[in-house]
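What follows is one structure encoded as structure tokens, with my remarks underneath.
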Amino acid sequence: MTISIVVPVKGDNKYLRECIEACLNLDYPNFEVIVLPDEAITLPYGDKVRIIPTGHIGPAKKRDMVVDQCRGEILAFLDDDTFPKKDWLKNAISNFDNKEVAAVCGPAVTPENDSLAQTVSGTVFSLSFVSGAYSMRYVPTGSRREVDDFPSCNFLIRKDVFKQIGGFDTNFWPGEDTVLCYKITKELMKKIIYDPGVLVYHHRRPSYDLHLKQVESYALHRGCFVKRFPATSLRFSYFVPSFFVLGLAIGGALAIFMPVMRFLYFGVIGVYLILNLSYSSKNGNRALKFRVFFLNILTHLAYGIYFIKGLLSRKLTEE
């Protein structure tokens, strides 16, 4: 099978070049690399890379726009701040032997050379204490399995299926991946396979503030999607951080006036902190553990608050 690797990007940057160079070194014979910047850019790769300017539009619209210009039977989506492992395509392609498999995805692992802040962010996302069962999105765990919602930073889909469902057909970002996966699994009734061997590396946000803004955006859209796409978003695990936030607020108020609640309130907080310490202590040196511990807390709070905000919102702007 021929594969079209599609990379949407605003403009040239060091991560984009790292991504392209890793793609050009893949151990798979039949693929092309297509870069989708807002405006024309010059890259030092000659005809090995096709550059298609798209104008100032979001990643989902960029991918929709160029589908007919892709030569591959499979579309492989990467973000510009990712780069694939050498056997990425080779490991992915075998999953398409099953005709019922419409798409294949895999983990996006934090690179070892990321900064301390990026490593902390990646570690937080990789912990089941924070991401629950979805930690497989950040570390290669378990075996192949079916999924119905997965990030588009490492996602391969049959071109005919992509065209059949009308592509992403959305300006949501983030959240475009949820829309696409919903169409595949709930409308077309096809399979998406997670394969831990289909691995890419994903640079995380370079500061804790940007990490939290990313979490807030994820939570806001997920809260809204509970109403729009309940089949894949109305799940207990997405509500847990909000229960935590509400418990802190309501429990704290009750603890002021009810001594019996005070004991329960601080007891639950104590258990939470012990669990957090246990998970945080499994990774890295003291500086990393300390930062992961506190970013875990802030991540739970940010997600919980913004999930409620999304849940209560009438409509989100799709840009």
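List of remarks:
- Options ASN91, ASN98, ASN25: the member that is assigned by TED's automatic domain parsing to the domain that holds GLU176, closer than 30 Å to SER143 by Cα and touching a Leu at 6+ places or on another chain (Cβ under 9 Å): ASN91
- Considering segment 247-302, the residues that are under 19 Å from THR119 (Cβ atoms), in contact with a helix residue (DSSP H, G or I) (Cβ under 9 Å, 6 or more places away or on another chain) and among the basic types (Lys, Arg) include one that is modelled with the lowest pLDDT, namely LYS282.
- Residues located in segment 51-99, provided they are among the basic types (Lys, Arg) and surrounded by fewer than 18 Cβ atoms within 10 Å (Cβ to Cβ): ARG71, LYS86, LYS90, LYS99
- Residue that is touching a Pro at 6+ places or on another chain (Cβ under 9 Å) and in contact (Cβ under 8 Å) with a residue 12 or more places away in the chain, where the choices are ASP177, ASP169: ASP177
- Subset of segment 218-243 [surrounded by fewer than 17 Cβ atoms within 10 Å (Cβ to Cβ) and either touching a residue at least 24 places away in the same chain (Cβ under 8 Å) or part of a helix (DSSP H, G or I) (or both)]: LYS227, ARG228, PRO230, ALA231, PHE236, SER237, VAL240, PHE243
- Among residues of segment 250-288, those that are part of a loop (DSSP other than H, G, I, E, B) and not hydroxyl-bearing (Ser, Thr, Tyr), counted: 5
- Selection status of VAL215, in a helix (DSSP H, G or I) and more than 27 Å from the chain's Cα centre (by Cα): no
- Residues that are charged (D, E, K, R) and part of a loop (DSSP other than H, G, I, E, B) within segment 33-65 comprise ASP38, GLU39, listed in sequence order.
- Residue in segment 163-179 that is over 19 Å from PRO8 (Cα atoms) and of a type in the set (Lys, Arg) present: no
The values are calculated or read from the model by the stated rules, or taken from the named source; none is laboratory data. Because the structure is a prediction, the values reported are computed rather than measured. For neighbour counting, all protein chains shown are included, and Cβ atoms are generated from backbone atoms with ideal geometry for every residue, glycine included.
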